[in-house]
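Beneath this line is the structure, given in structure tokens, with notes to follow.
The values are calculated or read from the model by the stated rules, or taken from the named source; none is laboratory data. Everything numeric here is computed off the predicted structure, so don't read it as measured data. Heads up, the Cβs are rebuilt from the backbone with ideal geometry, glycines too, and the neighbour counts pull from every protein chain shown. Surface accessibility is based on the protein's heavy atoms, side chains included, excluding ligands, DNA and RNA. Shrake-Rupley method; radii C 1.70, N 1.55, O 1.52, S 1.80 Å.
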Amino acid sequence: MRIGVSGPHGTGKTTLVRELCSRFGDLTPVEEPYVLLEEDGYDFEFPPSRSDYRAQLEYSVQLLNSEPDGSVFDRTPLDFLAYLSASGVDIEADIDATAIRSALATLDLLVIVPITAETERMLPAAEMLGLRRTMNDALLELVYTDQLDLVGDIPVLELTVPLADRVEKVGALIH
């Protein structure tokens, strides 16, 4: 089982990944590309630039192509496509859809963690609210219209349930 967790910043993705891996011992978390790149010495701008999002996109594709079964990915290439789209990039003209499609096809489940009224009320306030909302909308459009045929047949679970029910909702599909 390989699970990708996508969504805008400040929606509890990392917490969900950790809780899933804690509850289901056969799952291993894979840190988000931002953290891994930063650990490797990559110097991100603030706010992240288009080249920062491209670097994370490429790294995310590499992670999906190299990590073993049982991995739960904190972010997928879809996140970075959505951030690029939110920053004005025409992703249809500017990406290698074949490489992204191939990497995403390694997933058994795509979990979308969107902005909800509860995430806004219960989680710490997020930075860059405009970018966050625009990315959220771009991500949902990417997944549900799938105009680039990136998601294909991957099962998608959009978590709009209460925060306390997220792990159980995902767990029902994987165990």
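Structural remarks
- At R0 = 25 Å, FRET efficiency that the Cβ-Cβ distance of Asp69 and Ala125 yields, to 0.05: 0.10
- Under a 5 Å amide H cut-off, with hydrogens placed 1.01 Å from N, Thr28 pairs with Ser71, Val72 among residues at least 5 apart or on other chains.
- Rounded, prolate or oblate (a/c below 1.5 giving rounded, otherwise prolate when a/b exceeds b/c) for the range 23-107 by Cα gyration tensor: oblate
- Summarising the label geometry, the points placed 7 Å from Cα in the beta-carbon direction at Ala172 and Glu92 lie 3.6 nm from one another.
- In terms of its C-alpha gyration tensor, the range 59-175 comes out oblate, because a/c is 1.5 or above while a/b does not outweigh b/c.
- Between Thr160 and Gln62, the contour length at 0.36 nm per residue exceeds the Cα-Cα span by 32.4 nm.
- Solvent-accessible area assigned to carbon and sulfur over the range 89-140 amounts to 53 percent, based on a 1.4 Å probe.
- Mean residue ellipticity (222 nm) of the chain, computed from DSSP H runs ≥ 4 via -39,500 (n - 2.57), nearest 500: -15000 deg cm²/dmol
- Gaussian network model of the chain, Cα within-10 Å springs - most flexible of Ala125, Ala97, Ala138: Ala125
- Full extension of the chain between Thr15 and Met1 gives 3.1 nm of extra length, using 0.36 nm per residue less the Cα-Cα distance.
- For the range 78-139, the square roots of the Cα gyration tensor eigenvalues, ordered a ≥ b ≥ c, give a/c of at least 1.5 with a/b no greater than b/c, which places it in the oblate category.
- Long hydrophobic helices in the chain: the complete DSSP H runs spanning 20 Å or more by Cα along their own axis with mean Kyte-Doolittle hydropathy of at least 0.0 are 129-145.
- Cα-centre dipole for the range 17-130 with unit charges at Cβ (Lys and Arg positive, Asp and Glu negative), debye to 20: 300 debye
- Using only side-chain charges placed at the Cβ, +1 for Lys and Arg and -1 for Asp and Glu, the dipole size of the range 66-160 relative to its Cα centre rounds to 300 debye.
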